[in-house]
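A.B. asks: Before I ask anything, let me first share the structure, which is written out below as structure tokens.
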């Protein structure tokens, strides 16, 4: 992957872009394999948001790709910040799922039951599923909080 030189991109910016895109998706249903504003699936929504912000990088693929990608660092739940990815690996017959952390209490994603929507971390269904967090490589905790930083990809 290439290096992004967009120093304005930080966790708050990623979360804000996700909410902005989500706001344009009212009344649009989940679309399996969807990667455009005509309709998203979960990974298509995340890819679309990240591609809007990182002009020199292409994000895409499925949830498994985000789980394995060297372009992201794992983050402890206690250290999650706005803009981090929340990933629900396949478990107990449930498929992979992915979204973007909005704030301390919400994440946003495209769910088959709702389309693009914000979800409470305390939601019984999602809280019970195993999950992990990943951060765009190069966006340190300082950059996630300050509005400064670059994303560097291997």
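No lab work stands behind these numbers, since they all come straight from the coordinates. All of these numbers come straight from a predicted model, not from anything done at the bench. Neighbour counts run over all protein chains shown; Cβ positions are idealised from the backbone, glycine included.
A.B. asks: Roughly what angle does helix 42-53 make with the longest principal axis of the chain, taking Cα atoms, 0 to 90 degrees, to the nearest 10?
C.D. replies: 30
A.B. asks: Please give the length that would be gained between residue 64 and residue 76 if that part of the chain were fully extended, namely 0.36 nm times their separation in residues minus their C-alpha to C-alpha distance (nm, one decimal). Don't skip to the answer; put the middle values down first.
C.D. replies: Numbers: separation 12, 0.36 × 12 = 4.32 nm, distance 1.88 nm.
Fully extending the segment from residue 64 to residue 76 adds 2.4 nm.
A.B. asks: For 79, 62, what ranking results if the residue with the fewest other Cβ atoms within 10 Å of its Cβ goes first?
C.D. replies: Numbers: 79 12, 62 16.
With the sparsest Cβ surroundings first, the list reads 79, 62.
A.B. asks: Could you sort the peptides 125-132, 44-51, 64-71 by per-residue average Cβ neighbour count (10 Å cutoff), highest mean leading? Write out the running numbers ahead of the final one.
C.D. replies: Details: 125-132: 13.5, 44-51: 22.9, 64-71: 15.2.
In descending order of packing, they fall as 44-51, 64-71, 125-132.
A.B. asks: What is the helix-to-structure angle for 11-23, meaning the angle in degrees between its Cα long axis and the longest Cα principal axis of the chain, kept from 0 to 90 and rounded to the nearest 10?
C.D. replies: It is inclined by approximately 40 degrees.
A.B. asks: Still on this model: If r is the Cβ-Cβ distance from residue 94 to residue 120 and R0 is 22 Å, what FRET efficiency results, to the nearest 0.05?
C.D. replies: Numbers: r = 18 Å, r/R0 = 0.84.
About 0.75, to the nearest 0.05.
A.B. asks: Report the gain in length on full extension from residue 113 to residue 129: 0.36 nm times residue separation, minus Cα-Cα distance, nm rounded to one decimal. It would help to have the intermediate numbers written out before the result.
C.D. replies: Details: separation 16, 0.36 × 16 = 5.76 nm, distance 1.63 nm.
Residue separation times 0.36 nm, minus the Cα-Cα distance, leaves 4.1 nm.
A.B. asks: Still on this structure, please answer the following. Sorted by mean Cβ packing within 10 Å, highest first, what order do the peptides 82-92, 113-123 take? Spell out each step's value before the answer.
C.D. replies: Numbers: 82-92: 19.5, 113-123: 15.3.
Result, highest mean Cβ count within 10 Å first: 82-92, 113-123.
A.B. asks: Report, in deg cm²/dmol and to the nearest 500, the calculated mean residue ellipticity at 222 nm for the chain, where each DSSP H run with n ≥ 4 adds -39500 (n - 2.57) and the sum is divided by the residue count.
C.D. replies: -7500 deg cm²/dmol
A.B. asks: Can you tell me the convex hull volume per residue for the chain, based on C-alpha atoms, in Å³ to the nearest whole number? Spell out each step's value before the answer.
C.D. replies: Details: hull volume 15.2 nm³, N = 154.
In the chain, the Cα convex hull volume per residue is 99 Å³.
A.B. asks: Could you tell me the center-to-center distance, by alpha carbons, between region 45-112 and region 10-44 in angstrom?
C.D. replies: Rounded to whole Å, the Cα centres lie 12 Å apart.
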